[in-house]
C-alpha cells in the first residue's frame, strides 16, 4: 500500500497519513479498454481530422478539464468517470495529432 502525506487535505489533519489502496492490473486493463472505446466513439462522431495547432489541443484538453472540475464539485461520481474518459480521449487524440506532423503551430 502506498502512503500519502497531505497538508490541509479535506478530512485529514496536517501531517496525517492517508493510505492508498492498490488497484488491480485488471482494473487498469478495463480502463484502457474504456479509453479505446471512447476514442473509437470520438473518431466515429468527428472523424480522423487532426487538430491543427498546439493551441487547439490545449483548448480541447482545457475544456475537458473544466468539465471534470465541475463534475467533481457536483459530487456526481458517474459524471466524474465520464469526464475523466473525455479528458483522456482528448489527450490521446492530441498526442496522436502531435505525432502525425500535422500540427503547425
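The values are calculated or read from the model by the stated rules, or taken from the named source; none is laboratory data. Worth saying up front: this structure is predicted, and the values here are computed from it rather than measured. Heads up, the Cβs are rebuilt from the backbone with ideal geometry, glycines too, and the neighbour counts pull from every protein chain shown.
Checking the condition touching a helix residue (DSSP H, G or I) at 6+ places or on another chain (Cβ under 7 Å) and assigned to a helix (DSSP H, G or I), which residue from 82, 88, 96 passes?
Of the residues listed, the single one that is touching a helix residue (DSSP H, G or I) at 6+ places or on another chain (Cβ under 7 Å) and assigned to a helix (DSSP H, G or I) is 88.
So, residue 104, is that one touching a residue at least 40 places away in the same chain (Cβ under 8 Å), surrounded by fewer than 12 Cβ atoms within 10 Å (Cβ to Cβ) and either in contact with a strand residue (DSSP E or B) (Cβ under 6 Å, 6 or more places away or on another chain) or over 17 Å from residue 34 (Cβ atoms) (or both) or not?
When the stated conditions are applied, residue 104 passes them.
So in the range 23-51, with the set limited to residues that are more than 13 Å from residue 93 (Cβ to Cβ) and not in a helix (DSSP H, G or I), which one is modelled with the highest pLDDT?
Only one residue fits best here, namely 24.
Suppose the filter is at pLDDT 90 or above, closer than 14 Å to residue 103 by Cβ and part of a helix (DSSP H, G or I); does residue 61 pass it?
Taking the combined requirement at face value, the residue satisfies it.
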